[in-house]
Amino acid sequence: MGIFDKLTGSKNVQLTPKSALVLSALTVVAADGVIDEAELGDLAKIVRGDKKAVDTAIQVLRTTQLPEAMDLVANCLDEKQKLSTIAVLADLAMADGVLDGNEKKLLQQYVEKFGITEDAMKPIVDTIALKNDFSIFS
């Protein structure tokens with residue numbers, strides 16, 4: 001244990017699949033530098049009152065650089081959880097109606113870390129694009 005660990009918190013936090021989902025979600029909603037009301041509402045749906053998962057995710061986020069945090073998330077999830085997580089992350093990134101450059105870059109990094117193929121991503125992207133295309137109701 002280092003002298004300053006009491007001040008910064010321990011890096012020996014054990015992620016659960018739920019806290020890994022919350023951690024990845026936090027990184028995506030904050031990627032554009034702003035967390036708006038729609039994104040906060042979507043985060044609340046993911047968390048479902050699981051304060052421990054949020055606390056764990058925030059602790060890891062505060063004490064870990066983004067690439068290492070992404071590795072922790074990837075190592076915590078099984079294949080089905082990775083697909084579900086990337087779908088959630090893509091939907092979160094579109095919560096404000098715009099997929100900005102930082103969000104897109106971060107999503108691509110998660111896809112690579114998770115080892116998800118373009119063929120596996122296509123139906124996810126198509127569904128989220130359809131879900132968020134309100135112009136079809138005009």
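The values are calculated or read from the model by the stated rules, or taken from the named source; none is laboratory data. Predicted model only: the values in this text are computed from it and were never measured. Cβ: placed from backbone, ideal geometry, glycine included. Neighbour counts: every protein chain shown. SASA here: full protein model, heavy atoms, side chains in, ligands and nucleic acids out. Shrake-Rupley method; radii C 1.70, N 1.55, O 1.52, S 1.80 Å.
For segment 70-120, which whole-number percentage of the solvent-accessible area (1.4 Å probe, protein heavy atoms only) is attributable to carbon and sulfur atoms? Heavy-atom surface of segment 70-120 belonging to carbon and sulfur, 1.4 Å probe: 50 percent.
Computed with every protein chain present, the accessible area of LEU130 is close to 110 Å² [probe 1.4 Å].
Report the paramagnetic label zone for THR16: residues of segment 29-61 whose backbone N is under 12 Å from a point 7 Å from Cα along the Cα-to-Cβ axis. 48-57, by backbone N distance to the label point. Given their separation in residues at 0.36 nm each and the Cα-Cα distance between them, LYS45 and ILE136 gain 30.2 nm when the chain is fully extended. Once you put a point 7 Å from the Cα of GLN109 and another 7 Å from the Cα of ASP55, both along the Cβ direction, what distance in nm separates them? It is 2.8 nm. Given R0 = 30 Å, the distance between the Cβ atoms of LYS122 and ASN75 translates into a calculated FRET efficiency of 0.75. The heavy atoms of ILE35 offer some 80 square angstrom of accessible surface to a 1.4 angstrom probe.
Evaluated at 4 °C with a viscosity of 1.567 mPa s, what Stokes-Einstein diffusion coefficient in µm²/s does the chain have when Rh comes from the Kirkwood expression over alpha-carbon pairs? Value of D from the Cα-based Kirkwood radius: 83 µm²/s. Converting phi to 3J(HN,Hα) with the Karplus coefficients 6.51, -1.76 and 1.60 and the offset θ = phi - 60°, segment 73-79 yields 4, 4, 6, 8, 9, 7, 4 Hz in sequence order, with x at every glycine or proline.
Largest accessible area first, the listed residues GLU37, GLU103 line up as GLU37, GLU103 when surface is computed with a 1.4 Å probe on the assembled protein chains. With viscosity 0.890 mPa s and temperature 25 °C, the Kirkwood radius over alpha carbon pairs of segment 29-73 converts through Stokes-Einstein to a diffusion coefficient of 211 µm²/s. Axis angle, to the nearest 10 degrees, between helix 17-29 and the longest C-alpha principal axis of the chain: 70 degrees.
With K and R counted +1 and D and E -1, the other residues having a Cβ less than 13 Å from that of ALA120 yield a net charge of -2. Springs join every pair of Cα atoms under 10 Å in this Gaussian network model of the chain, and among LYS105, LYS45, LYS113 the largest mean-square fluctuation is at LYS45.
When ASP119, ASP100 are compared by accessible area of protein heavy atoms, the largest-first order is ASP119, ASP100, using a 1.4 Å probe. Please compare each pair in LYS45/LYS113; LYS51/LYS104; LYS18/LYS113; LYS18/LYS45 to a cut-off of 23 Å on the Cα-Cα distance and tell me which ones are over it. Exceeds cut-off: LYS45/LYS113; LYS51/LYS104. Between the helical axis of 37-47 and the longest alpha-carbon principal axis of the chain there is an angle of about 60 degrees.
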